[in-house]
Amino acid sequence: MKFKFLVLSALFLFLLTASNCSSSSDVPIEPKEDEVENPDQKVEAEDDVEEDYSTMAVPANPGSGLEWEFQDFSDDFNYEAPAGNKGDAFFNKWDDYYHNNWSGPGLTEWSRDIPFVADGLLQIPAKRKEGTNKISTGCITNKTRVQYPVYIEAKAKIMNSVLANGIWMLSPDDTQEIDFMEAYGAEYSESAQASHSWYEERMHISHHVFIREPFQDYQPKDAGTWYMKDNIKWREDYHTYGVYWRDPWHLEYYIDGELVRTVEGKEQIDPLFYTNATNPGDMSNDTRTGLSKEMDIIIDVEDQDWRSSPASGNQADTYTPTDNELSDTEGHTLKVDWIRIYKPVEK
């Protein structure tokens, strides 16, 4: 009897203890204030993480048995370079001017004190040069020249402006040029007092071959040189613009990772024999070399004379920013997130 009483007593104490001592999995533990997770903050943080531009897929095919090799003179602009004192990170790769002493076309006046790098972006604003009708803006030139085969791509947001925004290549003697981003982003032109919507929806992608004396210029002028898609307004967002300069007779243009235009063959690259090695323009002797020269990579803003001073002389054909338009500093700043260069190499 005494033994039975002891057993019952022990069982009662066990049940009482169990009812007051739940496991840690049963009892919620209040988190510390600094440990509280905000789902919205987490999503925002993840969205802020940008993919490494050097490891993103290259949309162009390098060729059989080849792979792309990233070139270290590419630039992600993840440093500070004030306009008046840009520092080594900038000057190790760029000059803050055009590749010769020309100050720009039309009403353009490039200044070294205009381009700057901030917030992870190359920025090139435009403004009125005080007391003149000139447009003070900027141009930068990469210090490493490129030559085919090469793939070049940039991520950029163009201006809300009638000014030209360009990312392009040009040979040192100014006779061969490849334009893989040339845009005029405004919806309306106050100077022309007219809609500018035809240009705002199109991206110009083209090339030139020149004879300097006397000056002659060939560029293709077919509809494919003015790319448009789904009525995109190019100024409204960042897009990627690239070109695969495969050889002297083959160019592939890519926008947002999509192949949008291919130009190849002597009759598309140089139908007028301007790249004749022995006598440029001589169509009786075919020694054409095509787009074969080393080129400088250039990023700039321009007021182009064919727009600001058209041959027609008509106001409706005159596209140049007014003072009111230029007062929109944000809208008149070209922004480039990165520019990357690749060479095809054997696997």
Does R307 meet the test of being more than 23 Å from I140 (Cβ to Cβ), of a type outside the set (A, V, I, L, M) and under 24 Å from the mean Cα position of the chain (by Cα)?
-> no
Can you find even one residue in the range 140-149 that is assigned to a loop (DSSP other than H, G, I, E, B), under 23 Å from E294 (Cβ atoms) and hydroxyl-bearing (S, T, Y)?
-> yes
Index of the failed condition, I299 passing every other in (1) under 21 Å from W102 (Cβ atoms); (2) surrounded by fewer than 22 Cβ atoms within 10 Å (Cβ to Cβ) = (2)
Under 7 Å between Cβ atoms, at least 6 apart or on separate chains: pull out the pairs that start in the range 186-199 with a residue that is touching a residue at least 60 places away in the same chain (Cβ under 8 Å) and crowded, with 18+ Cβ neighbours inside 10 Å and end on any residue that is in a strand (DSSP E or B) and not acidic (D, E).
-> H196/Y188; H196/S189
Flag if I114 is of a type outside the set (K, R), at negative phi, crowded, with 16+ Cβ neighbours inside 10 Å and in contact with a Leu (Cβ under 7 Å, 6 or more places away or on another chain) | no
Filter result (of a type in the set (S, T, Y) and part of a loop (DSSP other than H, G, I, E, B)) within the range 308-331 | S309, S312, T318, Y319, T320, T322, S327, T329
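Residues are listed down the side, and each one gets a yes or a no for (1) outside any loop (DSSP other than H, G, I, E, B); (2) under 20 Å from V243 (Cβ atoms):
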site: N165; (1), (2): yes, yes
site: M169; (1), (2): yes, yes
site: E177; (1), (2): yes, yes
site: E182; (1), (2): yes, yes
site: S191; (1), (2): no, no
site: Y199; (1), (2): yes, no
site: I205; (1), (2): yes, yes
Within the range 228-278, residues over 24 Å from the mean Cα position of the chain (by Cα), among the hydroxyl-bearing types (S, T, Y) and modelled with pLDDT of 95 or more come out as Y274, T275
Does any residue in the range 221-232 that is more than 30 Å from L272 (Cβ to Cβ) come within less than 6 Å, Cβ to Cβ, of a residue that is assigned to a loop (DSSP other than H, G, I, E, B) six or more places away or on a different chain, and which pairs are these?
-> N231/E201
Tell me which of these S103 doesn't satisfy, since it passes every other one: (1) at pLDDT 50 or above; (2) exposed (fewer than 10 other Cβ atoms within 10 Å of the Cβ); (3) among the small types (G, A, S).
-> (2)
Specify which of the listed residues (S327, S292) is surrounded by 12 or more Cβ atoms within 10 Å (Cβ to Cβ), closer than 25 Å to K134 by Cα and at pLDDT 95 or above.
-> S327
Quick check: is even one residue across the range 117-126 at pLDDT 95 or above, in contact with a His (Cβ under 9 Å, 6 or more places away or on another chain), surrounded by 15 or more Cβ atoms within 10 Å (Cβ to Cβ) and assigned to a loop (DSSP other than H, G, I, E, B)?
-> yes
Only one of L272, L334 that is in a loop (DSSP other than H, G, I, E, B) and touching a residue at least 12 places away in the same chain (Cβ under 8 Å) | L272
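The values are calculated or read from the model by the stated rules, or taken from the named source; none is laboratory data. Computed from a prediction, not measured in an experiment: that's the story for all the values here. Cβ coordinates were reconstructed from backbone atoms using ideal geometry, including for glycine residues, and neighbour counts include every protein chain displayed.
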